[in-house]
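Q: A single structure is presented below for examination.
The values are calculated or read from the model by the stated rules, or taken from the named source; none is laboratory data. Bear in mind the structure is a predicted one, so any value in this text is a computation, not a measurement. Note that each Cβ is placed from the backbone with ideal geometry, even for glycine, and that neighbours are counted across all protein chains shown. We work out accessible area using only protein heavy atoms, side chains counted, and drop any ligands, DNA or RNA first. Shrake-Rupley method; radii C 1.70, N 1.55, O 1.52, S 1.80 Å.
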Amino acid sequence: QVQLVESGGGLVQPGGSLRLSCAASGSIINIYSMGWYRQAPGQPRELVSFITSGGNTNYVDSVKGRFTLCRDSAKDTVYLQMNSLEPEDMAVYYCNAELRTGYYWGKGTLVAVSS
């Protein structure tokens, strides 16, 4: 079993910043990639960013230049630094990991952007 535990969500004003963390634990064998999806009310879940085992990162266009994803391989943890947050960023953010044993999801953490 693999568990993904997210933290760092909350309420922030437009223009503010938050940092999300996702720590993987359990029977971890070969993490191929880790990243974040988000889902706003009434919208499909969308990929925000992911990082591969080789360290390559990808971002959805709407967050490029504002969000930065990095990882601590020793801790099997990824961090999503979110700056210049906009109301459109408000969603539940889900951590995702692709391992040799399959795909895994966290329970989600709410990011609310409002004045």
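Q: Checking Asp76 against (1) in contact with an Asp or Glu (Cβ under 8 Å, 6 or more places away or on another chain); (2) on the phi > 0 side of the Ramachandran plot; (3) of a type in the set (D, E, K, R): exactly one of these is not met. Which one?
A: Asp76 satisfies every listed condition except (1).
Q: I'd like to verify a number: residues in region 3-18 that are crowded, with 18+ Cβ neighbours inside 10 Å and more than 16 Å from Met82 (Cα to Cα), how many?
A: Residues flagged as crowded, with 18+ Cβ neighbours inside 10 Å and more than 16 Å from Met82 (Cα to Cα) within region 3-18 amount to 1.
Q: Give just the number: which of (1) modelled with pLDDT under 95; (2) more than 30 Å from Ser114 (Cβ to Cβ) does Pro41 not satisfy?
A: Against the list (1) modelled with pLDDT under 95; (2) more than 30 Å from Ser114 (Cβ to Cβ), Pro41 comes up short only on (2).
Q: Continuing with the same structure: Could you list, in sequence order, all residues of region 30-56 that are loosely packed, with under 15 Cβ neighbours inside 10 Å and either on the phi > 0 side of the Ramachandran plot or of a type in the set (S, T, N, Q) (or both)?
A: Of everything in region 30-56, those that are loosely packed, with under 15 Cβ neighbours inside 10 Å and either on the phi > 0 side of the Ramachandran plot or of a type in the set (S, T, N, Q) (or both) turn out to be Asn30, Gln39, Gly42, Gln43, Ser53, Gly55, Asn56.
Q: Hey, another quick one. Looking at this structure, is Ser21 open to solvent by less than 30 Å² (accessible area, probe 1.4 Å), free of Cβ contacts under 8 Å to residues at least 40 places away in the same chain and either in contact with a His (Cβ under 6 Å, 6 or more places away or on another chain) or polar (S, T, N, Q) (or both)?
A: When the stated conditions are applied, Ser21 does not pass them.
Q: Pull out all pairs, ordered by first then second residue, where Cβ-Cβ is under 9 Å, the residues are six or more apart or on different chains, the first lies in region 67-95 and is under 11 Å from Met34 (Cα atoms) and exposed (fewer than 14 other Cβ atoms within 10 Å of the Cβ), and the second is at pLDDT below 95 and of a type in the set (A, V, I, L, M).
A: Ser73/Ile31
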